[in-house]
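The values are calculated or read from the model by the stated rules, or taken from the named source; none is laboratory data. What you see is a predicted model; the values in this text were computed from it and never measured. As a convention, Cβ positions derive from the backbone with ideal geometry for all residues, glycine included, and neighbour counts pool all protein chains shown. Surface areas here come from the heavy atoms of the whole protein model, side chains and all, with no ligands, DNA or RNA. Shrake-Rupley method; radii C 1.70, N 1.55, O 1.52, S 1.80 Å.
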Amino acid sequence: MTQEQDISRKVEQTVDKVLRDRLASDGFEGAEIRPDCDFDPILVVDVKYRYVDRPINSKVTFGLTTEVRKALMALGESRFPQIRHHFNEQQKIAS
């Protein structure tokens, strides 16, 4: 694995904190981060959610990529975060 593919513990912790701060009440269970390449190197962030009894408002995800990206840039991480949301199959989503 090259250095460009490495993901530091600080990057993982930073992404987790942003996600937890924004999504904890909406069933945030954790995230897996892995390096990948689109046209440029990126970070794929697979966000996993547990089931919650109420519908989750889809607006909680608006601006999330920008917030994660700003936090990563503050660390000197230049790879763009591509966030993918994985909700429980039974979860209801409100628009």
Test: residue in the range 84-94 that is in a loop (DSSP other than H, G, I, E, B), open to solvent by 40 Å² or more (accessible area, probe 1.4 Å) and of a type in the set (Lys, Arg): yes
Those residues of the range 1-48 which are free of Cβ contacts under 8 Å to residues at least 12 places away in the same chain, basic (Lys, Arg) and either surrounded by 15 or more Cβ atoms within 10 Å (Cβ to Cβ) or part of a strand (DSSP E or B) (or both), in sequence order: none
Of all residues in the range 38-68 being at pLDDT 95 or above and among the hydroxyl-bearing types (Ser, Thr, Tyr), the one that is nearest to Glu12 (Cα to Cα): Thr65
Near pairs, Cβ below 7 angstrom, 6+ apart or cross-chain, from the range 49-76 (over 16 Å from Phe28 (Cα atoms) and open to solvent by less than 30 Å² (accessible area, probe 1.4 Å)) to any residue that is part of a helix (DSSP H, G or I) and not acidic (Asp, Glu): Ala71/Thr14; Ala71/Val18; Leu72/Val11; Leu72/Thr14
